[in-house]
Amino acid sequence: MVGVGKLLKQAQKMQKRMEEAQGELADHVIDVSSGGGAVKIKINGQGEFQSISFDPEFLKEDAEVIEAAALEAVREASAKAKEANEKLMQEITGGMGMGLPGLM
């Protein structure tokens, strides 16, 4: 039964590290821009949007152009946050937790 105790201890260590990682991800801010810098988004590593801003001159453009640039920036920001999260979780779990509910 020594193996089970060791396994539980390792799982507890991993859980603690994952909790620490969530804090790191919350503090990690990713800057994304679109439309040549006309749309700027800040998002943290947990995927929480921090801010969005538009260049005032850009807002004079056609609504479809603004919408497309904003959507592109949101998609890119979301993808980068997901990538940061997955990278950190991969480092912690060594790939063990990939695809398991509650670990990502």
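Bear in mind these aren't lab numbers, they're just calculated from the coordinates by the rules spelled out. This is a predicted model, so every value here is computed, not measured. As a convention, Cβ positions derive from the backbone with ideal geometry for all residues, glycine included, and neighbour counts pool all protein chains shown.
Simple point charges give the picture: +1 on the Cβ of Lys and Arg, -1 on the Cβ of Asp and Glu, and for the chain a dipole about the Cα centre of about 960 debye. Neighbours of ILE52 by Cβ distance under 15 Å: Lys/Arg scored +1, Asp/Glu scored -1, total -2. Equivalent ellipsoid of the stretch 25-92: semi-axes from √(5λ) of the C-alpha gyration tensor, largest first, are 27, 10, 7 Å. Tell me the GluC sites (Glu not before Pro) within the stretch 1-92 that lie in a loop according to DSSP and have at most 12 other beta-carbon atoms within 10 Å. Of the GluC sites (Glu not before Pro), the ones in loops of the stretch 1-92 whose Cβ has at most 12 other Cβ atoms within 10 Å are GLU48, GLU57.
Only helical runs count toward this figure. For the chain, summing -39,500 (n - 2.57) over DSSP H runs of n ≥ 4 and dividing by all residues gives -19500 deg cm²/dmol at 222 nm. Once the Cα atoms are used to define both axes, helix 63-93 deviates from the longest principal axis of the chain by about 20 degrees.
For the listed residue pairs LYS16/LYS82; LYS42/LYS87; LYS13/LYS80, the alpha carbons are over 25 angstrom apart in LYS13/LYS80.
Think of the chain as a dipole: +1 on every Lys or Arg Cβ, -1 on every Asp or Glu Cβ, centred on the Cα centre; then among VAL65, GLY5, ILE92, GLY5 lies furthest on the positive end. Taking every alpha-carbon pair under 8 Å whose residues sit at least 6 apart, the chain reaches a relative contact order of 24 percent.
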